[in-house]
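In what follows, a single structure is set out as structure tokens and then discussed.
The values are calculated or read from the model by the stated rules, or taken from the named source; none is laboratory data. Note that this is a predicted model, so its numbers are computed, not measured. Note: ideal-geometry Cβ built from the backbone for every residue, glycine included; neighbour counts use all protein chains shown. For accessibility, only protein heavy atoms count, side chains too; no ligands or nucleic acids. Shrake-Rupley method; radii C 1.70, N 1.55, O 1.52, S 1.80 Å.
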Amino acid sequence: FQTDRYARAILGTHPNTNDVMVRERVSGRLARQEILTREEPPPPRVWALLDEGALRRRVGDAETMHDQCVRLLELSDLPNVTFQVIQGLEGHVGLLGAFTIAEWPGQGGIVNVEDISDGRVCDDPAVVAHVWLTFRAMQTEALHVRASRDLIARMAEELWKGSAPTGVRALTAAATAGSA
């Protein structure tokens, strides 16, 4: 889901890398995103949980972060992409490491569990079930889809000093008859 500048900033922090390696990794990362908008076969359905801390943590400069938030909002307009933000800066089980779950109709699922050095793919039903349970537990802690989108828009506007795309509502404190 990363923009070119965000990916360059994050991948440039890896030890023992040079500009050529960073460019190659960024190119690969951006090329993989094409799957989200392909026509044939149909793109996968993606449901991503984002930690609020990742949206607040400055990677690159403020413009890079603003553009990254806007990118997430643009992707959330796709019918096959959904984001939910786990709000707050408290710890949660998702901080133990990133993971991806893949399923195909009529087949068992597989998971990719990432760590600091690499990732591992596993199709063991017990592991897949455990990762699914973890995802569902995290999802119960996440904001609703619309509220997640609003939070990302607000961060783009207020935290990263930009403005969100037209049509995105930012969360604002407004007194109503019942709350004034």
>> Testing the spin-label approximation: label points 7 Å from Cα along Cα→Cβ at Glu40 and Glu74. State their distance in nm.
In response: 2.7 nm
> When DSSP beta bridges are limited to those with both residues in the chain, what percentage is antiparallel, rounded to the nearest 5?
Replying inline: 55 percent
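Could you tell me what percent of the accessible area of the range 1-130 is made up of carbon and sulfur, with a 1.4 Å probe and every protein chain present? Before the final figure, lay out each step's value.
Details: 4370 of 8200 Å².
Answer for the range 1-130: carbon and sulfur cover 53 percent of the accessible area.
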> Label Arg146 and His130 with points 7 Å out from Cα along Cα→Cβ: what is the distance between them in nm?
Replying inline: 3.8 nm
>> Among Gly108, Gly94, Tyr6, whose Cα projects farthest towards the positive end of the dipole of the chain, with charges put on the beta-carbon of Lys, Arg (+1) and Asp, Glu (-1)?
In response: Tyr6
> What net charge do the residues around Gly91 carry, taking every other residue with its C-beta under 14 Å from that of Gly91, with Lys and Arg at +1 and Asp and Glu at -1?
Replying inline: -4
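Keeping every protein chain present and rolling a 1.4 Å probe, give me the accessible area per residue for the chain in Å².
Details: 11340 Å² over 180 residues.
Accessible area per residue, the chain: 63 Å².
If exposed trypsin sites (Lys or Arg not before Pro) are those in a DSSP loop with at most 11 other Cβ within 10 Å, what is the longest stretch of the chain that has none?
Formally, the longest exposed-site-free interval is 59-160.
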> What are the principal axis extents of the Cα atoms in the chain, in Å, biggest first?
Replying inline: 55, 41, 37
